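Values in this text are rule-based calculations from the coordinates and carry no lab data. All of these numbers come straight from a predicted model, not from anything done at the bench. We place every Cβ from the backbone using ideal geometry, glycine too, and count neighbours over all the protein chains shown.
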Amino acid sequence: MTILHRNNVVVMGDAGPVLVFAHGFGCDQTMWRAVASPFADSARVVLFDHVGSGHSDSAAFDPARHGRLEGYAADLVEIIDAVGLGPVIFIGHSVSATIGVIAANQRPDLFASLVLVCGSPCYVDTDDYRGGFALADVEDLLDLMSKNMIDWSAQMAPSVAGTQAPGAQADWAASVCRLDPAAARAFARATFLSDHRAAYAAVPVPTLLLDSLDDALAPSFVGAWMQANIPDCERIVLPTDGHSPHMTAPDITLAALARHLDRPRGLQVA
């Protein structure tokens, strides 16, 4: 098994800066299509599926490795090394924001910058931090997912894909139902029960936060925490609804990303 086959890696474009797009939980690389494809004329665009998602090789799922986000970060490092085009600009949605943060801390030589879309270092409230969810509520959601993926995806779809884009809700719910069940359970627990605040506070490269104005999964106070704690950070709050602006408002997301990337690198979109 090659790394490129394991993660169904797709590379578009022949020259220019390298943009690596990483999808969130329940998604696959196709969720980036409206935002990633326009860059292919002026950059090298790398898309992939996390193990257990999309068209990745489900046989590569390792309960020990993929029971922690560090395992997915190790996969990401291997992908960038295998493509051989670093340092890259990494664009990660939701849990992939954290995966990118972990990987950048491990291998800063591979990353020029990070773009974190609706990320969260920790979803669970603690004594000194607001993540947006009580531990009991997260456990209830994970329990429902383990019993009935269809009901879970229907309950979560409005939060993930917003209330103004029913087509995006349907796309996400269908993608969830294609997940490898064992991998999905492990990935979900690693996503919603981990605490990587220390990793965010040690990010070694410039970082852009793209947050959604109305996001039940990563509320504005989470973005404010990240902005205050990531060493070299810029934050843009998009006028969007839901947790996935690249799916529900791709034009707005693309414009914000293009402006950010164009300043230091002369990058243009088709």
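For region 106-124 versus region 36-98, the inter-centroid distance based on Cα atoms is 12 Å. Taking every alpha-carbon pair within region 3-265, the share separated by more than 26 Å comes to 33 percent. Of the residues ALA228, ALA104, GLY132, the one whose Cα sits farthest towards the positive end of the charge dipole of the chain is ALA104 (charges of +1 on Lys and Arg Cβ, -1 on Asp and Glu Cβ, taken about the Cα centre).
Of SER94, SER37, the sequence from fewest to most neighbouring Cβ atoms within 10 angstrom is SER37, SER94. Calculated FRET efficiency, ALA34 to THR126, Cβ-Cβ distance, R0 = 30 Å: about 0.25 to the nearest 0.05. Computed from label points 7 Å out along Cα-Cβ, the spacing between ASP14 and ALA64 is 4.6 nm. Using the Cβ of TRP225 as centre and a radius below 13 Å, the other residues enclosed give a net charge of -1, where K and R count +1 and D and E count -1. Mean projected area of the Cα convex hull of region 44-179, taken over all directions, amounts to 9.8 nm². In a simple Cβ point-charge model (Lys, Arg +1; Asp, Glu -1; nothing else charged), the chain has a dipole of about 440 debye relative to its Cα centre.
Its relative contact order, with pairs defined as Cα atoms under 8 Å and 6+ residues apart, puts the chain at 22 percent. Compared with the alpha-carbon gap, the fully stretched path from LEU85 to ALA136 is longer by 14.1 nm at 0.36 nm per residue. Measuring r between the beta carbons of ILE236 and LYS147 and using R0 = 45 Å, the FRET efficiency lands at 0.75.
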